[in-house]
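Comments concern the structure below.
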Amino acid sequence: MSNQEPIQIFLEGRSDQKYITSIEGNYHSNKVKLFLDDPVKGKRQEDHRFTPYLFMKDLKDHKIQLYQNSSQRDEMIKKYKIKIEKLRTDGNLRLDSGFKYLVTSDISVNSLTQFFKGAGVDPWDRKDIFQLNSPQEQFLIQTGKRLFKGFENYKDIHKLYFDIETTGLSPYDSKIFLIGIKDNRGFQHVIEIDDTPESELEGIELFFRVIDQLKPSIVCGHNSENFDFHFIIERAKLLGSPLKYAKYPTSQGGPIRRKKSYLKMASDTEEYEQTIMYGYNVMDIAHAVRRAMAINSDIKSWGLKYITKFAEKNKKDRMYVEGSKIYEIYRDNKNYRIDRTTNDYTIIKDNEYVSPTEDTITGKEIINQYLLDDLWETEQVDEVYNQSSFLLASLIPTGFSRVSTMGTAVTWKLLMMAYSYEQRISIPNHDKKRNFVGGLTRVFKKGFGQRIFKLDYASLYPSIMIEHNTFPPCDIDHVMRRILIYFYDTRNKYKKLTKKYEKTDKESSTYYDVRQLPIKILNNGFFGSLSAPEVFPWADLDLGEEITCTGRLYIRLMIKYFENLGFTSIILDTDGVNMSAPKDVDKHHYIGLGINSLVEKNKHYYGVDAVVAEFNDIHMKGVMGLDVDDEWKASINMARKNYVNLTYKGKAKITGNTLKSKKLQTYLENFINKGVKLILNNKPKEFIEYYYQYVEKIFNRELPLSHMANKSKVKLTNREYIAREGKTNINGKPLPKMAHMELLKESGIEKSLGETIYYINTGKMISHSDVGNCSLVDIETNPNELGYYNAPRYLSIFNKRIKPLLCVFKSDVRDTILVKNPKDRQYYTSRQMELIMETEDTIEEVMFLSFEEITFWNKVGKDPNEIFDGFSIDDSLVKLDIHKNKEIINKLKEKFKSQGVEVKSFHDDYKEGDFVINHKFMNDKEIWNLSEVISGSLVEMEELKV
């Protein structure tokens, strides 16, 4: 068995059982039901047992006594069939003070909690003392089973898609008139509902009967949790469904229910109502799109029509209908001419002649086809954006719905809890949250640049952790290191196979590219987990700081090396630098030595690739390596983390929130999209002319209201918004009013959570805020409507938004170009309009270690010179003083040498079996210990007195 095989078995689940698509369990028994979809044996269910458990700290440390005396405690232990097992800590302080007991019950999770509640402590209320998983997670962790094992592709899972059409947006004054259903195995059907309440209720019940009959593994829609399921359930209640609270039972067992849950989107968390259907994975595809949108700023909307086109998955001949006209066209059911090649249609007027050769279609047929096309596109979007969640669910011991909504820190927590359970290791006590030194960001050159290369380290933080062995000491089995090495090797294997088949076998290339997605997510999320002690018990802030401080040294090393070769550093952003190359860069030639893993031996490299390959062979050890991530024709560099790059295919890629935002009005977006391309293509005269033309259109109110409209997302129901009136913030001041919510409240319109509201400021002056000076805008019905808007305010907003772009001009242009009135426009000479680049931050400044960095290196006693010795220090701030630690290390080495034992220090190169003097801080206490190198990691043997 290879070194990586045990890790692969752990991640993929040690059980060989295949085709599990869902698991149902409960808190009052020790049984779960597995739902399987075997390609040969078909769909079936299996009953299994498990032993409920929880992790617990030492109650004595928290002054908690289990029952008044031992006889009472023994009686309760017998009643609830409790067993308490002490877990491994190997003397680690955080494990010793952590959750070092595994408590089990042969009855149920409730029996566990009741046992402790009887002693006066509720495990659900004391998460600082107890760690519990759901019954489904406990079963997966305990048995080593995983969801979706045996399914190679997401499309192999049986999925059902649904969508509803309604007469309005609120279930309380509107009704359902169509329910569309489609699965990925050939079934599709539209349930048509007439105007009677009986028909609507029958349609709802038929919808659930179809689900029961088809028994898909996954039931999903787009925005279905916020709209479709809410609408269906509420309509059923109002129609007098005989089933209490409209909790429709399924033939698989159990009622449908809704519960409060949370959607994690990068740094944001949003509450939503989750639909629970026994035996099914209920998914909202909009969640996957919104999670992608949170990390990909190129995605402007999560609406179905937009995202389908963005993903280039839109149906070429699909039927389009304006949202406001859907019910009208269906209800009136008039006749239309239709072009079957494009599905464009026009109404046939009364008494109008229709040629026998013309194709016609009714209004109902149009809407039915529109609904089925929506379902087809929903399936395409699902295949793109839920693929990574499907692959993650095959590795993480939890349900599919939870994987698709939780953050990466929770993902890593579940992985480590599973390993701790399997190996009977304590879960560590949480580290304390604190601020620490982050990554470097700088703007060396501000303005316009040409031929820009992005040089960045491949997976900088995970690579530093592997190469410098920077892992929490509380991981006594070193499984984190082993997992990251497995991820590193496996992802590289998939990337090579993706590239190998890129031109000869597109299907295979795509397959391998998709396989590396979950690894990329887990890899990139690990450093964030290590720095999130409030979520991830294994987090270690000292190590997090060591990783970022080390990363800053590698960035300085790269800058100095390339600057010495004539490169010009422009933008520095954490793990890489955008640089312009010297004019003769294409003459560089290098034959790879293969010393670094990213360099192929005897391969001929040219241009920037040659410079990078030589840098890697000279300076990069082990898994560390520099990549040429991209090359751009031109760039606009405005501020830290804010720049625009032009690809050689003519696409402008905007980074940062200076020029883009999810709330950006269309009139700003339209100007920026065209304006940046004019600058990037070195057309300053055309940009200036375009600016003044646009100012005139804004000033004279010649732009459509839909372009000027402000955008705000609905995060509260009307009822919740009204309830906050009269409340104050922490400073005792009234909570501010929200313009869009005021409009909804006044109009009585109820919108779904997460939906975007469009409104226009109707004031007269720049100072007139949106609250009390705005009106709703219907961007779908009247997208080109002109009208009144607060032109001075919108012009002021426009000038503020585009001002950073003017950094490409000389001061006499950028300081005078902006005007409040088109009659004040300025004129410039060609020489004045030349685009420039100016120095902002300096290379000399970034080479100085910050006060915080020096303080950190002094604290841990490690020498940054061993990574990069070209930095500078301002001795007037603080001195780099690690000599004290070197003296201690030398004395300890001499002491062991006199005993006939050769030891090394953490500064030295060490190998398997070596003994190493190590140094760390625990709760601000300095600790020296002797460690042994086992499986590439330092294993603490004994504490040393110094």
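Over 20 Å apart at the Cα level, from the set Lys313/Lys674; Lys446/Lys633; Lys711/Lys733, are Lys313/Lys674; Lys711/Lys733. Of Glu746, Glu546, Glu75, the sequence from fewest to most neighbouring Cβ atoms within 10 angstrom is Glu746, Glu75, Glu546.
The length gained by stretching the chain between Ser872 and Ser508 to full extension, at 0.36 nm per residue less their Cα-Cα distance, is 126.1 nm. With the gyration tensor restricted to C-alpha atoms of segment 653-839, the semi-axes of the equivalent ellipsoid amount to 36, 18, 16 Å, longest first.
Remark: segment 154-390 projects, on average over all directions, an area of 14.4 nm² (convex hull of Cα atoms). Applying the Karplus relation 6.51 cos²θ - 1.76 cosθ + 1.60 with θ = phi - 60° to segment 838-847 yields 3J(HN,Hα) values of 10, 6, 10, 7, 10, 4, 4, 5, 6, 6 Hz, where x marks Gly and Pro.
Rounded to the nearest 20, the size of the Cβ-charge dipole of segment 653-839 about its Cα centre is 500 debye, with Lys and Arg at +1 and Asp and Glu at -1. With contributions of -39500 (n - 2.57) from each DSSP H run of at least four residues, the per-residue ellipticity at 222 nm computed over the chain stands at -10500 deg cm²/dmol.
A dipole drawn for the chain from +1 and -1 charges on Cβ atoms has a positive end, and of Trp857, Cys774, His62 the residue lying farthest that way is His62. For each pair in Lys862/Lys911; Lys653/Lys803; Lys86/Lys433; Lys454/Lys649; Lys305/Lys325; Lys493/Lys560, compute the distance between the two Cα atoms and list the pairs where it is over 21 Å. Over 21 Å Cα-Cα: Lys86/Lys433; Lys493/Lys560. This structure gives semi-axes √(5λ) of the Cα gyration tensor in Å, computed directly, and of [x] 74, 36, 22; [y] 62, 34, 26; [z] 49, 43, 27 that value is listed as [z].
Counted over segment 154-390, the DSSP beta bridges are approximately 80% antiparallel. Within the straight-line cut-off of under 15 Å between alpha carbons, the aspartates and glutamates reachable from Lys300 are Glu312, Glu669, Glu755, sequence neighbours fewer than 8 places apart in one chain being disregarded. The stretch between Asn858 and Ile927, if pulled fully straight at 0.36 nm per residue, gains 23.4 nm over its current Cα-Cα span. Model label sites at Trp124 and Ser29, defined 7 Å from Cα along the beta-carbon direction, differ in position by 2.0 nm.
Of the residues Thr342, Gly303, Ser241, the one whose Cα sits farthest toward the positive end of the charge dipole of segment 205-348, with +1 on the Cβ of Lys and Arg and -1 on the Cβ of Asp and Glu, is Ser241.
Provide the FRET efficiency to the nearest 0.05 for the Lys259-Arg831 pair, computing r from the beta carbons and using R0 = 60 Å. According to the calculation, E is roughly 0.35. Once both labels are positioned 7 Å from their Cα atoms along Cα-to-Cβ, the gap between Glu467 and Lys500 label points is 2.6 nm. With Cα atoms as the point set, the radius of gyration and Dmax of segment 754-845 evaluate to 18.8, 57 Å.
The modelled label-to-label distance between Ser199 and Lys697, using points 7 Å beyond Cα along the C-beta direction, is 4.6 nm.
For Lys117, the aspartates and glutamates whose Cα falls under 17 Å of its own Cα, not counting residues fewer than eight places away in the same chain, are Asp58, Asp74, Glu75, Asp125, Asp128.
The Rg/Rh ratio for segment 1-132, using Cα coordinates for both the radius of gyration and the Kirkwood hydrodynamic radius, is 1.07. The charge dipole of the chain, taken about the Cα centre with unit charges on the Cβ atoms of Lys, Arg (+1) and Asp, Glu (-1), comes to about 900 debye, rounded to the nearest 20. Ranking Asp382, Asp914, Asp770 by Cβ neighbours within 10 Å, fewest first, what do you get? By the 10 Å Cβ count, ascending: Asp914, Asp770, Asp382.
Between Glu85 and Lys305, residue separation times 0.36 nm minus the direct Cα-Cα distance comes to 73.7 nm. Put in line by how crowded their Cβ is, counting other Cβ atoms within 10 Å and starting with the fewest, His158, His604, His468 read His604, His158, His468.
Charging the Cβ of each Asp and Glu at -1 and of each Lys and Arg at +1, and nothing else, the dipole of segment 43-160 about its Cα centre rounds to 220 debye. Projecting the Cα atoms of Thr275, Tyr27, Ile802 onto the dipole axis of the chain, where Lys and Arg carry +1 and Asp and Glu carry -1 at the beta carbon, places Tyr27 farthest toward the positive end.
Only the coordinates and a few stated rules stand behind these numbers; no lab work does. Given the structure is predicted, the values throughout are model-derived calculations rather than measurements. Neighbour counts run over all protein chains shown; Cβ positions are idealised from the backbone, glycine included.
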